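This report concerns only the one structure given below.
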Amino acid sequence: MALTRRTLVAAGLAAPALIGLGRAAQAATTLKLSHQFPGGTIDEGDFRDRMCRKFAAAVKERSKGALEVQVYPGSSLMKTNAQFSAMRKGALDMSLYPLPYAGGEVPETNIGLMPALVTSYQQAMAWKAAPVGRKLTEILLAKNIVMVSWVWQAGGVASRERPLVRPEDAKGLKVRGGSREMDLMMKAAGAATLSLPSNESYAAMQTGACDAVITSSTSLISFRLEELAKSLTSGRGRSYWFMLEPIMMSKAIFDGLPKDQRDLIMTVGAELESFGQEGAQADDTRVEQIFGKAGAKVETLDEATLNRWRDIARDSAWKDYAAKSSSCAEMLKLAEAVA
């Protein structure tokens, strides 16, 4: 049970001890959950922010106030790219975080946005219970990260001018892909690439630094890219862009909680996965409506075009990833086995 000021005083501890123990007491009862996406309310706004707020509300209610979660949207607590490292060090409690953003520290995490590897939500959601999901969970635990809630999102392409649908369309474009592996596929198709978090996409398109942004349907909406785009390639139905964007937690913080609170966190996280999937799929449809209303030309991928992208990905991104280590090669093999 977390120490409170009342119990400390009752125990007759001196004021200096109170100061020293205050931080630990707060960390045991109040968790900070950071993410990069626009803030809203529990009922309105980006579904990822709503998911975090629903998580916080459920944890507080079921723990009868013994455990609270404070949500910090819009990278207001710390910069986007710093969040994974901070969790590993115990400096940040929790984050809803695009897994491949962690690829610089843990190369295996780039499997979470491997082009044309996952092409449907059914396939994506099967990962958690499959050997590939168990392997990924083990790798992250070894890096001091606990997977709390699995969230997958399909993505599409917003283009300032000409559409990016087929591989030949990529030639000469400056493209934001979202991961090293996505960039490798785009380069193989003839594009130039740039690496930046999705919350910096609007500025990059606005200045002309980027011609096309590939990101989740929800981010295409939340970051208002319809204001700048003349073309949308939708991820509805099929896509070569599926990102794993889970709620994660620092293992050091997690292990410091009582067992009932640890169990509660994992239970609520699992229960919210259906909300996450439904939110992502709803936005795959909504993004088409928003971009179409703004005057953008909306296109989708057919199976033949998706297969062409997969061939390019297999010869570039997949090959590069598997060559990184035996662990990466095993991850790719296990992922390919999930139909």
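Among the conditions (1) touching a residue at least 60 places away in the same chain (Cβ under 8 Å); (2) open to solvent by less than 20 Å² (accessible area, probe 1.4 Å), the only one that LYS251 does not satisfy is (2).
In the set (1) surrounded by fewer than 17 Cβ atoms within 10 Å (Cβ to Cβ); (2) closer than 23 Å to TRP152 by Cα; (3) modelled with pLDDT of 95 or more, the condition left unmet by ALA323 is number (2).
Residue-level analysis places THR137 among those that are polar (S, T, N, Q), open to solvent by 10 Å² or more (accessible area, probe 1.4 Å), modelled with pLDDT of 95 or more and within 17 Å of the chain's Cα centre (by Cα).
Scanning segment 274-307 for residues that are charged (D, E, K, R) and buried (at least 17 other Cβ atoms within 10 Å of the Cβ) yields ASP283, ASP284, GLU288, GLU299.
Among the residues of segment 158-174, those that are surrounded by 24 or more Cβ atoms within 10 Å (Cβ to Cβ) and either within 14 Å of the chain's Cα centre (by Cα) or within 22 Å of ASP315 (Cα to Cα) (or both) comprise LEU164, ALA170.
When the criteria are applied in full, LEU140 fails the requirement of being farther than 21 Å from ASP46 by Cα and in a loop (DSSP other than H, G, I, E, B).
Any idea which residue in segment 56-89 is surrounded by the most Cβ atoms within 10 Å (Cβ to Cβ), counting only those that are assigned to a helix (DSSP H, G or I) and touching a His at 6+ places or on another chain (Cβ under 9 Å)? Residue satisfying both the conditions and the ranking: GLN83.
Within segment 31-45, does at least one residue satisfy the condition of being in a helix (DSSP H, G or I), of a type outside the set (Gly, Ala, Ser) and over 24 Å from LYS251 (Cβ atoms)? No.
The values are calculated or read from the model by the stated rules, or taken from the named source; none is laboratory data. In this text, all values refer to a predicted model and were calculated from it rather than measured experimentally. Don't worry about glycine lacking a Cβ; one is built from the backbone with ideal geometry, like all the others, and counts go over all protein chains shown. SASA here: full protein model, heavy atoms, side chains in, ligands and nucleic acids out. Shrake-Rupley method; radii C 1.70, N 1.55, O 1.52, S 1.80 Å.
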